Amino acid sequence: MNEIQGPDVPDNKPSEHFQYSEPVISKVTDYIFVGNLNAAYNGRTLCRNNIDSIIDMTRHSWSRLKVDISDVPDALGDGPALKQRCFEDINECIDASTEKKKRVLVHCRDGFSLAPTCIIQYLMVKQNMRLISAYELLRAKYPVNIRECHQNVLISLERALRPGGNIDPDISGVSVPMIGNSGSTLQEMTLH
């Protein structure tokens, strides 16, 4: 199995932190799956879903390749460029698997923020999807609870991919909460 590993930065807000002892996994596209740590290390779950490759976004000491998109301050000159290089590594691994028609699981510890963020950015970059469309596709298939720091990365990516600030007409009036009970919506964030 191919494996890329990186950190899943814990959030200090306990109400937004989920833990499951059971594997949580879902098919996003024909070859891309999203899940939690328990899904990635459950042989039965991997076999049942015919998973061939794993992109591990958790913080483990045995990491071969660290892909860190969090804690990179945008205030530093190359913060966004650094995040872009991390996404490129992730996208390369997903592409390598999907081109061979092999199924890849992208997972983080709980499976609700960092792994979905990685898949959403992949859909935005590689399949030219708008942020709201990629988010809604994933949310329809899998429970998400995207942390604010990851939301900000996605919003920055949306702005970089569409510098004119054009708002997709199909998202006007859509109100999609990305964080548990924060009241923030994806539309509010993409409009500002």
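Numerical summary
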{"quantity": "Inter-probe distance in nm under a simple model that places probes 7 Å from Cα toward Cβ, at Arg85 and Asn152", "calculated": "2.1"}
{"quantity": "Order by protection proxy (mean Cβ within 10 Å, highest first), peptides 29-35, 117-123, 41-47", "calculated": "117-123, 29-35, 41-47"}
{"quantity": "Amide H within-cut-off set for Val106, under 5 Å, with H built and near neighbours excluded", "calculated": "Phe33, Val34, Gly35, Ile55"}
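Any read-out appearing in this document is the output of simple, stated calculations on the displayed coordinates, not a laboratory observation. Given the structure is predicted, the values throughout are model-derived calculations rather than measurements. Glycine gets a Cβ as well: all are built from the backbone with ideal geometry, and neighbour counts include every protein chain shown.
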